[in-house]
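Following: one structure in structure tokens, then a few remarks.
The values are calculated or read from the model by the stated rules, or taken from the named source; none is laboratory data. Computed from a prediction, not measured in an experiment: that's the story for all the values here. No Cβ is skipped: glycine too gets one built from the backbone with ideal geometry, and neighbour counts run over all protein chains shown. The area values use the complete protein model at the heavy-atom level, side chains included, leaving out ligands, DNA and RNA. Shrake-Rupley method; radii C 1.70, N 1.55, O 1.52, S 1.80 Å.
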Amino acid sequence: MKIALVLDGLQVGGVERVCLDYCKLLLDLGYKVTIFNLRPNLTALEKEIPEGVKIVHIPFSIWFTPERYTKLVKWNFIYKLVYFFAYIIFSCIDVVYKGYCKLRYKECRENFDFAVSFSSHFNDLTFVADHFIKAKNTVSWSHGAIYSYLLMSDGFINLYNKIKNIVVLVDDAQEEVLSYNQNLHLNIYKLYNPSFVKSRPVDNNKVEELKRKYGKFILMVSRFKYPHKDQPTVIRAFDDFITNYKLNTNLVFIGDGPDKDQSEKIANNLSSNVRKRIHFLGTKLDVQNYYSAAYVLVHASVAGEGLPTIMIEAMNYGIPEVVTDSKTGPREILGDNQYGLLCKVQNPKDMSKKLFKLFSDENLYKHYQSIERERVKDFSPKVIEKKLDYILKDINKRGEKAK
């Protein structure tokens, strides 16, 4: 069987890495996999695509998707008119461009069993929903709960209704969404992301070097993009942690992004004793070495972000976690402080207090190390592969019945 995975770029990011993990599972299940990259200028992760996966570059900007402008109707009358004309104009443009793609790219003329909008952005959703690819079944991979997308724009409702089959990471508020949007007739499947991080080789010499350099350090691995990632709260929590609890440790940030400068400015305004302990190391492709060396993982978000891959990866290395209780995802992974410590959103003092618990209570630290090993089994590739196989077969069966 053949499956097309449509992405809004192959930059270094959580969604893109998850897609490559699913490529491995799909290849194991015997699928022929083709990735359609709708932003050909973003190719940083292409070198990590598993052997056997085909890559096709077709430019398709989010600005040319009609549903991108749906939220304009919530403004005033003028914007309603703007939306009306924008929808007509871009719908016509897309019809013409789809015809061009069918002529220009032979992959758009191939017959696929599944076309999957994997980034769940307006361009890849439109690409799948409007059948730029010939496919028996269409699927949207929503990296979170459905309600979080519908809060952003009603355009997602229109695209989901075309696609029908939706895979979610969490089902928070799902029943409420469906009851208040009775025009939505969807087949919804819940599936966690698999974690392959343990298959990456660890450089023990590098791990020991990191421990010597940073001691029992606190680690955050995330893109700097507020409010989906909240490094400022982590920096302020670390300031409180060092100032009030007087512990000798360091804070290490892995990642880059548009808001990195702002976080560095916040750090630069702290006392020299605290600032010298905060390290911005940029993007690291050997993140497994940092997981192996770290003492505690922190993760913070304001807006919520689905099911944070970083949290699952860190669990594979037995690192206790302190994570903001943001919507959605952290509580899905950690439960009610069952597998790690949740702290209040945008509350540095509460995060600092939870960090001190782990640093000061050795029994609690070892408890979370032990119990994480059980929780992480739910995200193992073998478990996820079996569920993925069932979902695809069920979608295919539903599709055949509907004919």
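Tell me, what % of the accessible area of region 206-287 is carbon and sulfur with a 1.4 angstrom probe?
Answer for region 206-287 is 45 percent, counting heavy atoms of protein chains only.
Indicate the gyration tensor shape class of region 341-403 (rounded, prolate or oblate), computed on the Cα atoms with a ≥ b ≥ c the square roots of the eigenvalues: a/c under 1.5 is rounded; otherwise a/b larger than b/c is prolate and the rest oblate.
oblate
By per-residue mean of other Cβ atoms within 10 Å, what is the highest-first order of 165-172, 107-114, 40-47, 295-302?
295-302, 165-172, 107-114, 40-47
If you average 1/r over all unlike Cα pairs in region 213-302 and invert the result, what Kirkwood radius do you get in angstrom?
13.1 Å
Mind checking the dipole of region 30-147: about its Cα centre, +1 per Lys or Arg Cβ, -1 per Asp or Glu Cβ, Debye to the nearest 20?
280 debye
Between helix 231-245 and the chain, what is the angle of the helix's C-alpha long axis to the longest principal axis, kept within 0 to 90° and rounded to the nearest 10?
Helix 231-245 sits roughly 10 degrees off the main axis of the chain.
If you roll a 1.4 Å probe over the heavy atoms of the protein chains, what accessible area per residue do you get for the chain, in Å²?
45 Å²
Rounded, prolate or oblate, given the Cα gyration tensor of region 270-380, with a/c below 1.5 counting as rounded?
Note, shape of region 270-380 comes out rounded.
Size of region 1-94 along its principal axes in angstrom, Cα-based, largest extent first?
In descending order, the Cα extents are 52, 27, 20 Å.
Given a 1.4 angstrom probe, I'd like the percentage of the accessible area of region 46-131 that is carbon and sulfur, rounded to a whole number.
69 percent
Counting other Cβ atoms within 10 Å, keep those with at most 12, restrict to DSSP loop, and tell me which GluC sites (Glu not before Pro) in region 179-265 are left.
When the GluC sites (Glu not before Pro) of region 179-265 are filtered for loop state and at most 12 Cβ neighbours within 10 Å, nothing remains.
Have a look at LEU125, LEU186, LEU285 and tell me which one the Gaussian network model of the chain (Cα, springs below 10 Å) gives the largest fluctuation.
With Cα springs under 10 Å in the chain, the top fluctuation among LEU125, LEU186, LEU285 is at LEU285.
Under 5 Å between amide hydrogens, which residues at least 5 positions from ILE55 or on another chain qualify, with H placed 1.01 Å from N in the peptide plane?
ILE35
If you take the charge dipole of region 3-87 about its Cα centre, with +1 on Lys and Arg Cβ and -1 on Asp and Glu Cβ, which of PHE36, ALA86, LEU10 is farthest toward its positive end?
Ranked along the dipole, the leading option is ALA86.
Across 20 Å bins from the origin, how do the percents of Cα pairs in the chain run, short distances first?
26, 54, 20, 0
Taking region 154-207 as the region of interest, what is the percent of Cα-Cα pairs per 5 angstrom bin, listed from the shortest bin to the one with the maximum distance?
Histogramming region 154-207 at 5 Å steps yields 4, 14, 20, 19, 8, 6, 7, 7, 6, 6, 3, 0 percent.
Based on alpha-carbon centroids, what's the gap between region 2-69 and region 146-200 in Å, whole number please?
What the calculation gives is 19 Å, centre to centre.
Cα-Cα pairs above 19 Å in region 53-136: how many percent?
The proportion of pairs with Cα distances above 19 Å equals 42 percent.
Run lengths n ≥ 4 of DSSP H only: what is the helix-derived mean residue ellipticity at 222 nm for the chain, with -39500 (n - 2.57) per run over all residues, to the nearest 500?
Roughly -13500 deg cm²/dmol at 222 nm, from the helical runs in the chain.
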